[in-house]
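Asker: Below are the structure tokens for one structure; questions will follow.
The values are calculated or read from the model by the stated rules, or taken from the named source; none is laboratory data. Just so we're clear, the structure is a prediction, and the values are computed from it rather than from any experiment. Because the Cβ atoms are built from the backbone with ideal geometry, glycine has one as well, and the counts that use them run over all protein chains shown. Quick note on the areas: whole protein, heavy atoms, side chains included, nothing else; ligands and nucleic acids left out. Shrake-Rupley method; radii C 1.70, N 1.55, O 1.52, S 1.80 Å.
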Amino acid sequence: MIDIFETVCYKTDEPLKKHTTMRVGGKAKYVFFPKNFDELKAVIDYCKDNNERYIVIGNGSNIIFTDAGYDGIVIKIYNLMSDISVEGDLLAAQAGSILSKLANVAKDNELTGMEFAAGIPGTLGGAVVMNAGAYGGEMKDIIEYVDILLKDGTIKRFSNNEMNFGYRKSIIDSDMIVLSAGIRLSKGVKSDIEARMFELKEKRTSKQPLDYPSSGSTFKRPEGHFAAKLIEDAGLKGYRVGGAMVSPKHSGFVINYDNATAEDVLKLIDDVRDTVNDKFGVLLEPEVKIIR
Ligand SMILES: Cc1cc2nc3c(=O)[nH]c(=O)nc-3n(C[C@H](O)[C@H](O)[C@H](O)COP(=O)(O)OP(=O)(O)OC[C@H]3O[C@@H](n4cnc5c(N)ncnc54)[C@H](O)[C@@H]3O)c2cc1C
């Protein structure tokens with residue numbers, strides 16, 4: 001049996017702003033960094049045995065913790081659990097693999113289909129949970145299977161169909177942990193793949209406020225509308241609460257402009273939602289996950 005405090009890397013009283021791309025949030029009692037399945041399982045078993053609340057995160061690029069922090073154990077699956085292998089046109093990877101790395105591996109193996117994901121700053125695990133997508137592609141289009149650790153401790157392979165992918169959602173709930181996934185791509189031409197990745201990168205850099213911390217698009221796309229357009233039309237471009245701001249470059253992004261607290265960001269999100277609802281009768285739903 002693994003003694004997690006002896007074997008697994010962890011930090012105590014760790015500021016969660018270090019582990020989210022919005023760079024806000026209080027502290028967690030512990031953040032664990034398992035480097036393989038056995039360590040991950042041992043941390044989860046510890047949490048269950050000791051009635052500790054826990055959450056698994058990837059790169060924290062779609063999460064906001066409040067200033068109160070997280071009263072439990074944060075398990076970060078990133079980098080240390082990121083093996084990637086390629087067999088024909090199937091890419092098999094562990095949940096902690098960063099999407100840009102996966103897209104580059106695909107490109108180097110002349111496999112097309114992952115170009116859309118190259119600029120999404122998350123892990124494979126987070127992207128599967130969120131059914132992340134961009135520029136006409138989404139994980140749903142390329143995932144063949146997902147290996148998931150279930151609440152009862154068993155591992156089950158889910159097919160694409162069984163994942164119930166929808167717009168920025170999947171079947172995964174807080175009791176299911178993505179361990180790895182298979183991505184089915186198709187044979188392509190390396191220079192074309194490279195050119196497409198470059199084109200999408202240029203689009204991102206020209207349109208998105210990548211020089212400030214953020215969680216990407218703050219709100220989901222409401223049916224029949226674009227969140228950024230509604231926010232801009234409501235006169236909220238550049239609107240500030242404390243250090244948080246609606247990006248003047250892209251109204252769909254809330255940015256941490258100047259040492260924002262989570263409270264600033266959450267108040268800004270509420271204000272935007274209320275103003276847009278009052279003006280246009282459209283209720284914006286956050287895409288970013290707020291952990292309380
Ligand atoms: C600048 C910027 C641009 C972005 N652009 C896009 C975009 O174009 N398209 C898009 O879809 N998103 C975009 N995002 C949002 C974000 O990158 C994606 O949602 C990404 O898929 C989240 O991955 P992550 O590893 O950071 O997940 P996290 O933020 O760490 O977690 C997201 C959710 O998944 C859960 N989770 C994470 N890993 C696991 C796991 N292994 N098992 C079980 N649950 C897990 C977490 O508990 C949480 O509920 C952007 C974000 C930023 C900051």
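Asker: Compute the length gained on full extension between residue 233 and residue 141: take 0.36 nm times their separation in residues and subtract their Cα-Cα distance, giving the result in nm to one decimal.
Answerer: My answer for the length gained is 29.8 nm.
Asker: Does anything in segment 211-226 have its amide N under 14 Å from the 7 Å Cα→Cβ label point of residue 169, and if so which residues?
Answerer: 220-223
Asker: Here is a follow-up. Could I have the simple spin-label model distance between residue 198 and residue 13, label points 7 Å from Cα toward Cβ, reported in nm to one decimal?
Answerer: 5.0
Asker: Turning to a different aspect of this structure: Under 5 Å between amide hydrogens, which residues at least 5 positions from residue 57 or on another chain qualify, with H placed 1.01 Å from N in the peptide plane?
Answerer: Under 5 Å from the amide H of residue 57: 75, 76, 77.
Asker: Same structure again: When the expected Rg is taken as 2.2 N^0.38 Å, what fraction or multiple of it is the alpha-carbon Rg of segment 120-203?
Answerer: Relative to the 2.2 N^0.38 Å estimate, segment 120-203 comes out at 1.21.
Asker: A follow-up question, please. Please report the spacing between the Cα centers of segment 75-125 and segment 188-220 in Å, no decimals.
Answerer: Computed from Cα coordinates, the inter-centre distance equals 16 Å.
Asker: Quick one: Karplus J couplings for segment 47-60, per residue in order, coefficients 6.51, -1.76, 1.60, θ = phi - 60°, nearest Hz, x for Gly and Pro?
Answerer: Coupling constants for segment 47-60: 4, 5, 5, 10, 6, 8, 6, 9, 9, 9, 10, x, 9, x Hz.
Asker: While we're here: With every protein chain in place, what's the accessible area of residue 167 (1.4 Å probe, Å², nearest 10)?
Answerer: Counting only protein heavy atoms, the figure is 80 Å².
Asker: Next up: Compute the semi-axes of the equivalent ellipsoid of segment 4-76, taking the square root of 5 times each eigenvalue of the Cα gyration tensor, and list them largest first in whole Å. All intermediate terms of the calculation are to be shown ahead of the outcome.
Answerer: Values: eigenvalues 83, 32, 21 Å².
Over the Cα atoms of segment 4-76, the ellipsoid semi-axes are 20, 13, 10 Å.
Asker: Hey, rough spin-label estimate for residue 280 and residue 49, points 7 angstrom out along Cα→Cβ, what's it come to in nanometres?
Answerer: Each label point is offset 7 Å from its Cα along the Cβ direction, giving 5.3 nm.
Asker: HN-Hα J couplings of segment 226-238 from phi, Karplus 6.51/-1.76/1.60, θ = phi - 60°, integer Hz, Gly and Pro as x?
Answerer: Per residue, the Karplus-derived 3J(HN,Hα) values read 10, 4, 4, 5, 4, 5, 5, 5, 7, x, 9, 4, x Hz.
Asker: Kirkwood hydrodynamic radius, segment 40-148, all distinct C-alpha pairs: what's the number in Å?
Answerer: After inverting the mean inverse Cα-Cα distance, the result is 15.0 Å.
Asker: Measure up 18/156; 156/201; 27/279; 140/203 against 28 Å on the Cα-Cα distance and list the ones that go over.
Answerer: 18/156; 156/201; 27/279
Asker: Percent of alpha carbon pairs in segment 209-291 separated by more than 19 Å?
Answerer: 26
Asker: Can you divide the C-alpha Rg of the chain by 2.2 N^0.38 Å and report the result to two decimal places?
Answerer: Here the Cα radius of gyration is 1.01 times the empirical estimate.
Asker: Moving to a separate point now. Once you keep just the Cα pairs under 8 angstrom separated by 6 or more residues, what percentage relative contact order results for the chain?
Answerer: 17
Asker: Moving to a separate point now. Which FRET efficiency value, to the nearest 0.05, do you get for residue 211 and residue 289 by plugging their Cβ-Cβ distance into 1/(1 + (r/R0)^6) with R0 = 30 Å?
Answerer: For residue 211 and residue 289, the calculated efficiency is 0.80.
Asker: Can you put 90, 236 in order of accessible area, largest first, using a 1.4 Å probe?
Answerer: 90, 236
Asker: Which of the peptides 33-44, 202-213 is most tightly packed, and how do the rest follow, judged by the mean count of other Cβ atoms within 10 Å per residue? Spell out each step's value before the answer.
Answerer: Values: 33-44: 19.1, 202-213: 14.1.
Answer by packing, highest mean first, reads 33-44, 202-213.
Asker: Let me ask something else about it. Under Stokes-Einstein, with the Kirkwood radius over Cα pairs standing in for Rh, what whole-number D in µm²/s applies to segment 136-256 at 20 °C and 1.002 mPa s?
Answerer: Working: Rh = 17.5 Å.
Value of D from the Cα-based Kirkwood radius: 122 µm²/s.
Asker: Pop the C-beta distance of residue 68 and residue 108 into the FRET formula with R0 = 45 Å and round what comes out to the nearest 0.05.
Answerer: According to the calculation, E is roughly 0.55.
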